[in-house]
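Before anything else, here's the structure in question.
Just so you know, all these numbers are worked out from the coordinates, no wet-lab data involved. Worth saying up front: this structure is predicted, and the values here are computed from it rather than measured. Methodologically, a virtual Cβ is constructed for each residue, glycine included, from the backbone with ideal geometry; neighbour enumeration extends over all protein chains shown.
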Amino acid sequence: MKRKQPIKIDDLVNEIELHIDDSFTFINTKTGEVITLMREEIGAAEDEKPIEKFPEWQRENIEKAISIIEDEDGVYVDFTLRNNFNEYEIMEDFIVSLNNQNVREKLYEAIQGRGAFRRFKDKIIEFGVDKQWYKYKENKTKELVIEWCKEHNIEFQD
């Protein structure tokens, strides 16, 4: 099957950033569409419940879920990278990349134990490296997405 439309890398990066619990992401390799479905919508499609029993706003996603479940041509690909995305590891890599030893030490202390993400975000603002962090995280996420696309023979555009 020929893949017709490349996937936009930013769409997949945004999907990772959103990280909604109980949601699943699929890529339509013909159209390039990134589809996010909730567990309830997939369950409705699997159980073959009448679509009329669901609110109007949810019906389109249930129809997409049915298409994905019934897909025999390999049009849809399960985007599983989000499950392997580890923001904590990216935070550690970012800290190591910083030149200022004092800032590295304080940020490393901040990410220990419960509340690590909140403390980290407070400290990057305090030390004025928040913009640097968000750019670093975006670049690392893009790298992961591009690598995943290559491994799965998914055409993409930046």
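Using Cβ contacts closer than 10 Å as the measure, can you line up D22, D78 from fewest to most?
The fewest-first ordering by Cβ neighbours comes to D22, D78.
Based on DSSP H runs of at least 4 residues, each adding -39500 (n - 2.57), what is the mean residue ellipticity at 222 nm of the chain after dividing by all its residues, to the nearest 500 deg cm²/dmol?
Computed mean residue ellipticity for the chain: -17500 deg cm²/dmol.
A follow-up question, please. Between D93 and E155, what FRET efficiency follows from the Cβ-Cβ distance if R0 is 22 Å, with the result rounded to 0.05?
FRET efficiency, D93 to E155: 0.20.
Ok, one more. List, in the order given, every pair from K64/K142; K53/K150; K8/K123; K8/K64; K30/K137; K106/K150 whose Cα-Cα distance in the structure shown is over 31 Å.
Exceeds cut-off: K53/K150; K8/K123; K106/K150.
Further question: Once you compute Rg and the Kirkwood Rh from C-alpha atoms, what is the Rg to Rh ratio for the range 1-79? Don't jump to the answer; show the numbers that get you there.
Working: Rg = 13.0 Å, Rh = 13.2 Å.
Looking at the range 1-79, the ratio lands at 0.98.
Can you compute 3J(HN,Hα) from phi for each residue in the range 131-148, using the Karplus curve 6.51 cos²θ - 1.76 cosθ + 1.60 with θ = phi - 60°, rounded to whole Hz and x for Gly and Pro?
Once θ is set to phi - 60°, the couplings for the range 131-148 become 5, 4, 4, 5, 5, 4, 4, 4, 5, 5, 5, 4, 4, 4, 5, 4, 4, 4 Hz.
What dipole magnitude, in Debye to the nearest 20, does the range 7-82 give about its Cα centre under +1 on Lys/Arg Cβ and -1 on Asp/Glu Cβ?
For the range 7-82, the charge dipole is close to 140 debye.
Put +1 on the Cβ of every Lys and Arg and -1 on every Asp and Glu Cβ in the range 7-82; which of I69, I20, Q58 then has its Cα farthest towards the positive end of the dipole?
Result: I20.
If amide H atoms are built 1.01 Å from N in the plane of the peptide, which residues on other chains or at least 5 residues away come under 5 Å of the amide H of F156?
Correct list: I7.
With +1 on each Lys and Arg Cβ and -1 on each Asp and Glu Cβ, how big is the dipole of the chain about its Cα centre, in debye rounded to the nearest 20?
820 debye
Kirkwood Rh and Cα-based Rg: tell me the resulting Rg over Rh for the range 31-138, rounded to two decimals.
That ratio equals 1.22.
Could you state the number of Å between the C-alpha centres of the range 97-127 and the range 40-93?
Measuring centre to centre over Cα atoms gives 36 Å.
Charges at C-beta only: +1 for Lys and Arg, -1 for Asp and Glu. How large is the resulting dipole of the range 87-158 about its Cα centre, in Debye rounded to 20?
Around 380 debye, computed over the range 87-158.
Starting from the range 77-158, pick out the trypsin sites (Lys or Arg not before Pro) whose DSSP state is loop and whose Cβ has at most 13 other Cβ atoms within 10 Å.
Passing both the DSSP loop test and the Cβ count: R114.
If exposed means no more than 14 neighbouring beta carbons inside 10 Å and the site is in a DSSP loop, what's the longest run of the chain without any exposed GluC sites (Glu not before Pro)?
Longest stretch, sites excluded: 73-154.
Report the local net charge at I9: Lys and Arg +1, Asp and Glu -1, summed over other residues whose C-beta lies under 9 Å from its C-beta. Don't jump to the answer; show the numbers that get you there.
Values: positive: K8, K142; negative: D10, D11, D158.
Charge balance in the 9 Å sphere: -1.
If amide H atoms are built 1.01 Å from N in the plane of the peptide, which residues on other chains or at least 5 residues away come under 5 Å of the amide H of E33?
Answer set, sorted by chain and number: N28.
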